[in-house]
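Colleague: Here's a structure for you.
Each reported figure results from applying straightforward, stated rules to the coordinates on display, with no laboratory input. The model shown is predicted, which means the values in this text are computed figures rather than measured ones. Methodologically, a virtual Cβ is constructed for each residue, glycine included, from the backbone with ideal geometry; neighbour enumeration extends over all protein chains shown.
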Amino acid sequence: MIDTPAAPAARRTAPRRVEPVNQHRRAEGRAGYVLVAPTAVLLSVFYLWPLAQTVVFSFTDWNPGTGLITTSVGLANFTHVLTDPEFGRAVANTLVYVVTVVPGSMALGLVFAALLATPFRGRALYRTMIFTPYIAPIVGSALVFSFLLTPLGGLVNQFLGLFGVRPIAFLTTEPWAMVSVVIFSTWQLVGYTMIIYSAALTNVPQSYHEAARLDGAGPIRRFFSISLPLVAPTSGFLAITGVIGSLQVFTQVYVLTGGGPLGSTETVLYWIYQQGFVLFDGGSASAGAVLLLIFGIVASIVQLTVISRRDTVELS
């Protein structure tokens, strides 16, 4: 009988210590809170706290000049704002500004983006020229624009004079004052919308255009049937941000027209400025600011509702 060697004894290994998943998640959560803490503090100090103060001041007779609050007036400030004809005119002027500047800047930006989508010599230069007004200081650009429109010696009036047109005081007569503000703001925003649309157009699959080209579709047909529907989400984004920004227009009006002539270019934010820092009626100014915030929220909700219903994009 032959003895077979005994099998070696199995090595006993100590069980590995596995870190609990919950502990790892808690550590990640703490790290996330640490990372967002600086931004949260800044937002609280410079946005949330002033917002809360504005809401509180809207129910008082706060005077920005002295900083004193003598009594609570309830809804009197809101009643005064909503019944003030100047505020109603400012709302109407702001709506005119929104419905002209936002679609105009989006349409021109899309056109420029489509024209500059194809590589050619000097394309970067043209993009830079169109985008520069957006990054230039608004005050400086507005001052240059006002010099161009001055009735005596302005380049615009000199050009019109070649055709026998008398000098026009664009910034001090109706309706040219609002037209001038709209043209300036549109010119300033076109560069931004062009860059955003350019990024969206580069994401459109070229296979769609090639298939349409084989079917005999021309450039215009391909643009309206392929490019335009596929950049619809980008258009929604630009519409929402454009409306929010246009509701807060102030600098252009302050520099170009000062709200004139006779309040024809006075916007809601300019009216708030007049109430708070010219008339020192901080309560009414705060109430107007709260109403402007509500207008912006309602407009954003309406736009988001319309956009959310477009779940799919159909190529015609």
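Colleague: Quick one: among 45, 249, 190, which has the greatest mean-square fluctuation in a GNM of the chain with alpha-carbon springs under 10 angstrom?
Modeller: Its mean-square fluctuation being the largest, the pick is 45.
Colleague: A further question on this structure: Determine the calculated [θ] at 222 nm for the chain from helices alone, applying -39500 (n - 2.57) to every DSSP H run no shorter than 4 residues and normalising by the residue count; nearest 500 deg cm²/dmol.
Modeller: For the chain, the value works out to -21000 deg cm²/dmol.
Colleague: Take each uninterrupted DSSP H stretch in the chain, measure its Cα extent along the helix axis, and return the ones at 27 Å or beyond whose mean Kyte-Doolittle hydropathy is at least 1.0.
Modeller: Helices meeting the criterion: 85-115, 176-202, 282-308.
Colleague: To make sure I understand, if each residue's beta carbon is the centre and we count other beta carbons within 10 Å, what order do 106, 129 fall in, fewest to most?
Modeller: 129, 106
Colleague: While we're here: So if each residue of separation counts as 0.36 nm, and I subtract the Cα-Cα distance between residue 300 and residue 135, what length gain in nm does that give?
Modeller: Answer, rounded to one decimal: 56.9 nm.
Colleague: Order these by the 10 Å Cβ neighbour count, fewest first: 173, 66. List each step's numbers first, then the result.
Modeller: Working: 173 14, 66 10.
Final ranking by Cβ density, sparse to dense: 66, 173.
Colleague: Another question, if that's okay. Just need the relative contact order of the chain here, percent rounded to a whole number, with Cα pairs under 8 Å and 6+ apart.
Modeller: Worked out over the chain, it gives 27 percent.
Colleague: Of 175, 119, 151, which has the largest mean-square fluctuation in a 10 Å C-alpha GNM of the chain?
Modeller: Answer for the Gaussian network model of the chain: 119.
Colleague: To continue, here is another question. Search the structure for amide H atoms under 5 Å from the amide H of residue 60, placed 1.01 Å from N in the peptide plane, and list their residues when 5 or more places away or on another chain.
Modeller: 73
Colleague: Sticking with this one: Can you check what the Kirkwood hydrodynamic radius comes to for the range 111-220, Cα pairs only, in Å to one decimal?
Modeller: Computed over the range 111-220, the radius equals 16.9 Å.
Colleague: Could I ask something else about it? Say we join alpha carbon atoms closer than 10 Å with springs in a Gaussian network model of the chain; which of 135, 220, 301 then has the biggest fluctuation?
Modeller: Checking each option, the largest mean-square fluctuation is seen for 220.
Colleague: Could you tell me the extents of the range 76-308's C-alpha atoms along the three principal axes, largest first, rounded to whole Å?
Modeller: The Cα atoms of the range 76-308 stretch 66, 50, 27 Å along their principal axes.
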